[in-house]
Every structure is written in C-alpha cells, then in structure tokens.
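Reading through the structure tokens given below for one structure.
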Amino acid sequence: RQWSAGFLPSRFQGVKFNAVGDPVLHIKTPSGLASDAQKDTIDAINALNRVEHKVTRDPEILTRIAQYEMAFKMQSSIPDLVDMSKEPASMLEMYGAKPGDGSFASNCLLARRLAERGVRFIQLYHRDWDHHTGVKSNVAIKAQETDRATAALIRDLKQRGMLDDTLVVWGGEFGRTPMSQGGDGRDHHIKGFSFMLAGGGIKGGITYGSTDELGYAAEENPVAVPDFHATMLHLLGIDHKRLTVKFQGLDARLTGISGQVVTDILA
C-alpha cells in the first residue's frame, strides 16, 4: 500500500532497495548463466509478450516488458551504484555513514548517487520514529540518526550544482498531539504539522504558516495536502489542473478536485 503506484499504471511503480544484503532481490546473474544467454532469454520472452499485447491490448503487458528490460540493465548498473568504496572518507564523515550498515545516513548518500545517475524520484524511509511513549529521549536519538545526514545531503547536492533542479521534501504522514499520551508519549495528529522543503525552486530561509499557541491546529497560511501536491507538481513543470489519468472510466487528477499552488514559497 505504501509503495504502490496508486491509481497510476503499474509502470510508474518504484523499485524497493534493501538496507542490507543484495540491494535488490535476485539482482545477481544466476551462476552458470552467461549474460548473452540471459539477454536472449529476455528477448524471447518479450517477443512473446508483444504478441500477446497485440491480441489483448492489456497495458500491464507493456509494463512487464519494460520491467524485464530494466531488470537486465539493473544487473550491470546497481553493483556500481551501491559500491561506496569510491566515496572519499571526508564524504562518509560528512554524512555520518558507514558503507553497508543500512542506516538512514547511508541511504542519504545513496540518494545522492541515485540522483547523479538520473533517477527522477527517490524516497528514503525511516521506520522507527512513531513515539507513543518516551518521546523526549527517543526524539533525541532519531534526530542524531537523521539530522546530520539530511543536512549533508542538501549540502552535497548544492556543492555539486544539483540542488537547483532537485526538490528535497522532508516530512512524515502526520504530526503529533501537543498533549501527552500515556504520560510521556504523543499520539497521531493531523491538524497541524510541518514539512521541510529545499532546492528545486523553493525560496530558502523562510518559515511559512504557523499553528495556534498550543501547536494544536494550523491557523496562519494552512496548506492542505492537495495544495502541497499541486505545489510539488508545479515545481516539476506540471499543471495539476490539466494533468489527468484515466482510472476506472474517469479522468482523475493527482490532486483530486482541489489544490492551489502555494506561490509564496516559490523562489
């Protein structure tokens, strides 16, 4: 549910990387199989798939063809992508990363390497932060795991001249209540929470909007989820009101029936 393409065709779905072990399952060529023989096999399979597509016109078959071809290319490109031995010690120190440790810091460095190679959408996911108890001590630990690496990623992109056309979005799916849960925790909360944006046409060094004095609900310049999505699409050069996707007989917009670009945060 979290990793699917939603109502978009499945060819837009991403590829999940593992934190440890093989970066992508079954990425290694099976022992005893030459790359030429594997390519011949894939070509034959895709030829059969194209015949089937001519008959059924099922778009999922085109996705299957594209996935076979992409997987074959990934077998040669991913080992170099995840090889951190070419990164200088100063770069690893800046991120706080240790190759192969599967940490958020290593994933931030991997994100820069993916962006360098032209990957258009990259999502980093930190699972262990849902603090219903022990919020004071646990947030300090999570900040140590994420803040340094996030700052390093932004600095690294800027130093390489990549930040101007790379939009960095940092946030979660909800905020936390200002009142306690169980004495030392916080519950899920949707009425007021923050996102951080950097690069990609965003105005730097500003804070937009605020909550009430208790931090319970957004009051000044609230930004709804469709507004946020409309703004991201605008920064990608897409008019969210004109882009639609055929879904179950309807022309569906990625922002639903609402959404306004938040122009005040644009550079």
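For the stretch 85-195, what's the relative contact order in percent, using C-alpha pairs closer than 8 Å and at least 6 residues apart?
26 percent.
Quick one: what Rg and Dmax do you get for the chain from the alpha carbons, in Å?
Calculated on Cα positions, Rg and Dmax stand at 21.8, 67 Å.
Which part of the stretch 98-112 falls in the paramagnetic zone of residue 236, meaning amide N under 19 Å from the point 7 Å along Cα-to-beta-carbon?
111-112, by backbone N distance to the label point.
What is the local net charge at residue 4, summed over the other residues whose Cβ is closer than 13 Å to its Cβ (Lys, Arg +1; Asp, Glu -1)?
Overall, the nearby charge balance is +3.
Along each of the three principal axes of the Cα atoms of the stretch 1-119, give the extent in whole Å, ordering the values from largest to smallest.
If we take the Cα atoms of the stretch 1-119, the spans are 56, 40, 22 Å.
Working from Cα positions, state the angle (0 to 90°, nearest 10) between the long axis of helix 35-56 and the longest principal axis of the chain.
That helix lies at roughly 80 degrees to the long axis.
What figure in square angstrom, to the nearest 10, would you give for the accessible area of residue 72 with a 1.4 Å probe?
Roll a 1.4 Å probe over it and residue 72 shows about 60 Å².
What nm value, rounded to one decimal, do you get for the distance between residue 68 and residue 260 when each label is placed 7 Å out toward the C-beta?
5.0
Pairs to check: 16/203; 16/39; 73/246. Give those whose C-alpha atoms are more than 28 Å from each other in this structure.
With Cα atoms farther than 28 Å apart: 16/203; 73/246.
How far is it, in nm, from the label point at residue 31 to the one at residue 1 when both lie 7 Å from their Cα along the line to the Cβ?
4.1
Mind listing the long-range amide H neighbours of residue 266? Cut-off is under 5 Å, sequence gap 5 or more, other chains count too, H placed in the peptide plane at 1.01 Å from N.
Under 5 Å from the amide H of residue 266: 203.
Compute the angle between helix 135-159 and the longest alpha-carbon principal axis of the chain, please, reported from 0 to 90 degrees and rounded to the nearest 10.
Between helix and principal axis, roughly 60 degrees.
Applying the Karplus parametrisation 6.51 cos²θ - 1.76 cosθ + 1.60 with θ = phi - 60° to the phi angles of the stretch 180-195, what ³J(HN,Hα) value in whole Hz is obtained for each residue in order, glycine and proline being reported as x?
7, 10, x, x, 9, x, 9, 8, 5, 8, 10, 8, x, 7, 10, 10
Cut-off 10 angstrom, C-alpha nodes, Gaussian network model of the chain. Which of 167, 110, 214 fluctuates the most?
Top of the fluctuation ranking is 214.
Using only the Cα atoms of the stretch 74-209, what do you get for the radius of gyration and for Dmax, in Å?
When restricted to Cα atoms, the stretch 74-209 yields Rg and Dmax of 16.8, 52 Å.
Using R₀ = 30 Å, calculate the FRET efficiency as 1/(1 + (r/R₀)^6) where r is the Cβ-Cβ separation of residue 217 and residue 155; round to 0.05.
Approximately 0.35, to the nearest 0.05.
The values are calculated or read from the model by the stated rules, or taken from the named source; none is laboratory data. Please read these numbers as outputs of a predicted model, since none were measured by experiment. For neighbour counting, all protein chains shown are included, and Cβ atoms are generated from backbone atoms with ideal geometry for every residue, glycine included. The accessibility values were calculated without ligands, DNA or RNA, using every heavy atom of the protein model including side chains. Shrake-Rupley method; radii C 1.70, N 1.55, O 1.52, S 1.80 Å.
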